[in-house]
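What follows is calculated from the coordinates using simple rules that are stated; it is not laboratory data. Since this is a predicted model, take the numbers as computed values, not measurements. Cβ placement follows ideal geometry from the backbone for every residue including glycine, while neighbour counts extend to all protein chains displayed.
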Amino acid sequence: MSGPTNRRRTDPRRGVTLVELMVFLTAVAVMLGLGVMILGLAMRLETDGRAAFERSEALGRLSRRFRADVHESRSLALDGTVLRLEPGPGRAVEYRVDERGAVTRVVLDADKESAREPYRIPQSVGARLELREIEGRRFAALKVDIQARKDRIDPIRAVEILALAGKTAPAGLQPEGAKP
């Protein structure tokens, strides 16, 4: 009688084979690798998004301040990398661009520095100041060169802030019927 051998053949199998374990571990490793790649991509996108937001905010602040200063100025003078605006007697505002392209706004009262406001623009690779005359009107331009990321081959884009000199005059000095 061969009873015990027949019973072993009909019992359900217990445990897993080595091949099944290797297939399972390979599948888990592939899923973890994909998860790490997705996480790295999400972190890079978040960093790029934050830099774009900070750049937008800095350029917005700079453009509002630059336009307001140029609009109220009575005279403009560009000396290389320094734009000097004179809104009134004894007061001047200078926009300075250094060799790295960083922009600084300096307020001078009686030729003494009373305020300094540096603008840090993320991903900026340079800036330059220009004066233009268009149809008899004087304009000041500030161009900021932006490169999305230095490790990519994206082209450098220029953002230009253009403002009309003397656009706003103090109350009472505007000609009648003139638009502000």
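Some notes on this structure:
- Shape call, the range 28-164: gyration tensor on alpha carbons, a/c limit 1.5: prolate
- GluC sites (Glu not before Pro), loop per DSSP, at most 12 other Cβ atoms within 10 Å - longest free stretch of the chain: 1-98
- Within the shell of other residues whose beta carbon sits under 15 angstrom from the beta carbon of ARG149, the net charge comes to 0, with Lys and Arg scored +1 and Asp and Glu -1.
- Choice from ALA141, ALA115, ALA158 showing the highest fluctuation, given a GNM over the chain with Cα pairs closer than 10 Å: ALA115
- Note: relative contact order over the range 51-115, using C-alpha pairs below 8 Å and six or more positions apart, is 18 percent.
- Cα-based helix-to-principal-axis angle, 18-72 vs the chain, degrees rounded to 10: 10
- Cα-projected label distance for GLU160 with THR81, points at 7 Å along beta-carbon direction, nm: 2.2
- Fully extended contour minus Cα-Cα distance, from SER114 to ASP48, at 0.36 nm per residue: 20.2 nm
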